[in-house]
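Right, one structure below, let's go through it.
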Amino acid sequence: MQFFFEVLIGGLLSGVMYSFVALGFVLIYKASGVFNFAQGAMVFAAALTFVGFQELGVPFWLALLIAFGVMVVLGILTERIVLRPLVNQPPITLFMATIGLTYVIEGLAQGAWGANVRGLELGIQDEPIEWLMETANISVSKFDLFGAGVAALLVTLLALFFQYTRIGRALRAVADDHQAALSIGIPLQQIWRIVWAVAGFVALVAGLIWGARNGVSFSLTFTALKALPVLILGGFTSIPGAIVGGLIIGSTEKLAEVYLGEYVGGGIDSWFPYVMALAFLLVRPEGLFGEKHIDRV
Amino acid sequence: MSGRKIGEVILDLQNISLRFGGVKALTNISFDVREHEVRAIIGPNGAGKSSMLNVINGVYHPQEGRINFRGEERRKMEPHMAAMQGIARTFQNIALFKGMTVLDNVMTGRITKMKANFLEQAIRIGRAGREEVEHRKKVEEVIDFLEIQHIRKTPVGRLPYGLQKRVELARALAAEPSMLLLDEPMAGMNVEEKQDMCRFILDVNDQFGTTIVLIEHDMGVVMDISDRVVVLDYGKKIGDGTPDEVRNNQEVIAAYLGVAH
Amino acid sequence: MFYREAGQFKTTYLADQQIFPITQDRIGVLLILAVAFVAVPMLFNEYWIKAILIPFLIFSLAALGLNILTGYAGQLSLGSAAFMAVGAFASYNFMLRVDGMPILIAFVCGGLSAAVVGIAFGLPSLRIKGFYLAVATLAAQFFIVWALTKFGWFSNYSSSGVITAQEMQIFGYKFVTAESKYLLVLSIVVLLALAAKNMVRSSIGRAWMAVRDMDVAAEVIGIRIMHTKLLAFAVSSFYCGVAGALYAYAYIGTVEPEGFNLDLSFKILFMIIIGGVGSIVGAFLGAAFIVLLPIALDVMVQEWLHGIFPPSISSNLQLVVFGGLIIFFLIVEPHGLARLWQIGKQKLRLWPFPH
């Protein structure tokens, strides 16, 4: 039972990581209806930029600021060069464009910083929390707990931002109906730029935490793909959905690997989240928190 | 009306109720359609007219009620079943296949009648090639009938609205339906286009004996061309009868003019 | 000037429904075939045939498969490479385990196996659409590669799932030289392309496009959505499967499941976006483009940028150029090279007049 809890908690905490990436997807999807496949590449690019500048001797906070700046510029450029010309195209076209964007971002990031794996140090030790170890004999890493804490903070901030700021309200209006929002004078393109910048920020946070855990390398983009089943579970438009979906995917993936993996040769976490999401889709196509859609003819 | 004879009841809907979640779209509606007649469904926006057509050809499944079509009683229709039994349909917001030419759109209308199997089509032997030619003949008849020869090979996405509506009618007619459901065939048209469309509808009814169920907002048109009219308001039936009867129905007048009940 | 259809009046529907209704097109296609079958093996050296033409043909076939599913039937798939893997491994096993299995039959069986797997992973398309489906096809991509790696049976228990394709032999003739392999691949690709063209101009193709453009209307007309979508998955996977088998047997020789990764799936997707979504010619144009582009880039980096950038820049440059081109085509010419090809023909038809 102890072992079960350890696996579960480890899974939940890695699920938090997926949630981070999924959050970026949700933000962009909500505001612009674009399913941004490049979110994973953005995570990778953000982490790589941060590490790259740190290696050049730039202090922590400055590197963070620069990386954030780079992500904002990237977001603005994406809006200007990719999204604006594709306005009113079918969603699937936009989706394919973001696959193209993924390649561009990966190529640029690796071209600028090289392709070797780097470590990323945030100054938080990756060691078990002592009192949990003593009282319940369960090993939970401080670092993972820190990651969860940051996730909670980020979600709270985003929720407040959406709920109480003027930009947040405009964002919600845009998410509901582009044309209606436009007609009451909400500057659509400015809103999109802001959303891409915020998504870039979320990608940066995800990249830092993830990079510190597993190193910054190209494989980051693949792990980030796991955010897709998370979205299917949680629904494309729901921030709580992204979080809950991430936790479910993270925990079931680890549990499945530990308890089922041995029967089929292991490594099933490469596909288990997708198959689970798929099975889930067949039962509830709109996701846990998504809205049911009725075709009108 | 001229030579056609209105026959027996072929479609009978009884106590149809349809809900979407908590929203009632149709409440306990019964009405029937006789063979060869032009039957109109009218009502204000949101009265449930389109939902009614969707129930008839199985796009929506009502929670309650029975549908009897040509003596077969069922709880609900399925779209392709309706098509196989000769019910064709046009849509309020044109539902053409935008990436295909006019000819291909109309050819698609005959899909239930084409029998060549997959391999025959891939290798183009036996029935496959022959069928394409035979059905092309029928399709060209429909194209002639609706006077759209000149745009035969144009992708429908490039056509103006009025012509698109006509192509949609052609696609429905290509199936040689015994019953045709038309959802606002004249919406958004100018007077001339409306006259053309009226003529086509009456010709179809007259020449092929096709039973027609139509939704239309233009009262002049409805009263002119239909044999019987059913009136819906807020998902309920408030009137049913000949155009004259409906015109004098107090409840209908109230619904349309907003007189206090 | 010589590309005119004036004077060619169609007097029967049969003549109007020919595969290439314009006489000059028919002559053009025959010319291309003659060049491909006769002139190419004589004129090109082994490097060109082996490293460029054979992969070009194989990728054309895979792109054709994906184009049937995505371009015609409107179901986006990110797992084409996995279906290629199924074709390759299934053919290998049919050859391995059935005595005296003719190679062509093994390819067909490989394709059919891929079709069956394709139908299984196509089932979700009955309930979900768009990028939900795209994500679902990722399940196929990861699951199939994993299964082929983990279960030793598929690769006859070789380490990490590597298989070495058996020798190809038809009626005692051994396909060893590059030219002979090229001709075999070319024949298969031409036949399958012809079949695809026939399908998309028959009622099957119209049903696919109807489901793509407006599924509710398609259903109302009497098209059985389930049947139509699953058939698209089956045919598409069959094409990808045969392409995968050829990839193993006529191109690489030794393949592992990881060789059919997500990157390859994306590459095939890029081929149809650049070549032209919903076009048979487009699959070929796109494949040619994607096969030739890295070579051109390599040459460019080595010749012009030599010494300015490290050679490793080439692979990253490739990523940026690929991605950039995808975005460029989606914005500027969503119908891809095939559309440009058509516009060119249109211009030629009217030349020297502008309209």
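Points 7 angstrom from Cα along the Cβ direction at residue B:154 and residue A:180: gap in nanometres?
3.6 nm
Give me the log10 of I(q) over I(0) for the protein assembly as shown at q = 0.07, 0.09, 0.10 Å⁻¹, as the Debye formula computes it from C-alpha points; what are the numbers?
-0.67, -1.06, -1.25
Whose amide H sits under 5 Å from the amide H of residue C:175, counting only residues 5 or more places off or on another chain, with H placed in the peptide plane?
Counting only residues 5 or more places away or on other chains, the set is C:168, C:169, C:170.
Could you work out [θ]222 nm for chain A from helices alone, using -39500 (n - 2.57) per DSSP H run of at least four and dividing by all its residues? Round to the nearest 500 deg cm²/dmol. All intermediate terms of the calculation are to be shown ahead of the outcome.
Working: 14 runs with 214 residues, N = 297.
Taken over chain A, the calculation gives -23500 deg cm²/dmol.
Could you work out the mean count of beta carbons from other protein chains within 10 Å of each residue's beta carbon in A:268-281? Spell out each step's value before the answer.
On the way: counts 5, 2, 7, 10, 4, 3, 9, 5, 1, 6, 13, 2, 0, 8.
For peptide A:268-281, the averaged partner shielding equals 5.
Counting other beta carbons within 10 Å of each residue's own, what order do B:232, C:43, B:11, A:145 fall into, fewest first?
Numbers: B:232 26, C:43 10, B:11 19, A:145 16.
Starting with the residue having the fewest Cβ neighbours, the order is C:43, A:145, B:11, B:232.
Calculate the dipole size of chain A relative to its Cα centre from +1 charges on Lys and Arg beta carbons and -1 charges on Asp and Glu beta carbons; express the result in debye to the nearest 20.
On the way: 15 positive and 19 negative charges, 227 e Å.
For chain A, the charge dipole is close to 1080 debye.
Please identify every one of the chymotrypsin sites (Phe, Trp or Tyr not before Pro) in segment C:271-355 that sits in a loop by DSSP and has no more than 16 other beta carbons within 10 Å of its own beta carbon. Mind dumping the intermediate values first?
Working: sites: C:284, C:289, C:304, C:322, C:328, C:329, C:341; in loops: C:304.
Sparse-neighbourhood loop chymotrypsin sites (Phe, Trp or Tyr not before Pro): C:304.
Fewest to most neighbouring Cβ within 10 Å: what's the order for A:259, C:3, B:60, A:18? Could the numbers behind the result be given before it?
Details: A:259 11, C:3 17, B:60 24, A:18 30.
Placing the least packed residue first, the sequence is A:259, C:3, B:60, A:18.
Under 10 Å, Cα contacts only: if you run a Gaussian network model on chain C, which one of C:260, C:37, C:270 comes out with the highest mean-square fluctuation?
Judging by the Gaussian network model, the answer is C:37.
Using a simple charge model, +1 on the beta-carbon of Lys and Arg, -1 on the beta-carbon of Asp and Glu, nothing else, what dipole does the protein assembly as shown show about its Cα centre, in debye to the nearest 20? Walk me through the numbers on the way to the answer.
On the way: 71 positive and 71 negative charges, 270 e Å.
So the dipole magnitude of the protein assembly as shown works out to roughly 1300 debye.
Using Cα pairs closer than 8 Å and at least 6 residues apart in sequence, work out the relative contact order for chain C, in percent. Walk me through the numbers on the way to the answer.
On the way: 519 pairs, mean separation 102.9, N = 355.
Relative contact order here is 29 percent.
Given the DSSP H assignment, sum -39500 (n - 2.57) over each helix run of at least 4 residues in chain B and divide by its residue total; what's the result at 222 nm in deg cm²/dmol, nearest 500?
Values: 10 runs with 93 residues, N = 261.
Rounded to the nearest 500, it is -10000 deg cm²/dmol.
Where does chain C land at 222 nm, in deg cm²/dmol rounded to the nearest 500, when only DSSP H runs of n ≥ 4 count, each adding -39500 (n - 2.57), divided by all residues?
Values: 15 runs with 228 residues, N = 355.
It comes out at -21000 deg cm²/dmol, rounded to the nearest 500.
Take segment C:93-227, drop everything but the C-alpha atoms, weight them equally and run the Debye formula without solvent; then report log10 I(q)/I(0) at 0.11, 0.12, 0.13, 0.17 Å⁻¹ to two decimals.
-0.63, -0.74, -0.84, -1.15
Read phi for every residue in segment B:5-12 and hand back ³J(HN,Hα) as whole Hz from Karplus 6.51 cos²θ - 1.76 cosθ + 1.60, θ = phi - 60°, with x for Gly and Pro.
10, 7, x, 6, 5, 10, 10, 10
With 5 Å bins from zero, work out the P(r) of segment A:2-220 over every alpha carbon pair and list the percent per bin.
1, 7, 14, 17, 17, 15, 12, 8, 5, 3, 1, 0, 0
Starting at the first residue of segment C:218-229, write each ³J(HN,Hα) from the Karplus equation 6.51 cos²θ - 1.76 cosθ + 1.60 with θ = phi - 60°, in whole Hz, x for Gly and Pro.
4, 5, 5, 6, x, 7, 7, 4, 4, 4, 5, 5
To the nearest Å, what is the center-to-center distance of segment C:268-344 and segment A:97-165, using C-alpha atoms only?
First find each Cα centre; the distance between them is then 35 Å.
Run the simple label-point estimate for residue C:33 and residue B:147 please: 7 Å along Cα→C-beta, distance reported in nm.
With each label placed 7 Å out from Cα toward Cβ, I get 4.5 nm.
If you average the C-alpha positions of segment B:122-145 and of segment B:157-226 separately, how far apart do those two centres end up, in angstrom?
Cα centroid of segment B:122-145 versus Cα centroid of segment B:157-226: 25 Å apart.
Do any GluC sites (Glu not before Pro) in segment B:40-78 lie in a loop, going by DSSP, with at most 16 other beta-carbon atoms within 10 Å of their beta carbon, and if so which?
Loop-located and lightly packed - none at all.
Give me the inter-chain shielding for B:54-63: mean count of other chain Cβ atoms within 10 Å, whole number please. Intermediate values should be presented prior to the final figure.
Working: counts 5, 0, 0, 2, 2, 6, 3, 0, 0, 0.
Per residue, the number of nearby Cβ atoms from other chains is 2 on average.
How far is the Cα center of segment B:1-66 from the Cα center of segment C:103-147, in Å?
If we compute the Cα centre of each part, the gap is 42 Å.
Please state the relative contact order of chain B as a whole percent: Cα pairs under 8 Å, 6+ residues apart?
Values: 462 pairs, mean separation 69.1, N = 261.
Result for chain B is 26 percent.
How do A:142, C:10 line up, fewest other C-beta atoms within 10 Å first? Let's see the in-between values first.
Working: A:142 15, C:10 12.
So the residues, fewest neighbours to most, are C:10, A:142.
At a threshold of 8 angstrom on Cα-Cα distance, excluding pairs fewer than six apart, so keeping six or more, what relative contact order does segment B:60-204 reach in percent? Before the final figure, lay out the partial values.
On the way: 151 pairs, mean separation 50.1, N = 145.
Reported relative contact order: 35 percent.
Each reported figure results from applying straightforward, stated rules to the coordinates on display, with no laboratory input. Bear in mind that the values here come from a model prediction, so they are computed numbers and not experimental data. Note that each Cβ is placed from the backbone with ideal geometry, even for glycine, and that neighbours are counted across all protein chains shown.
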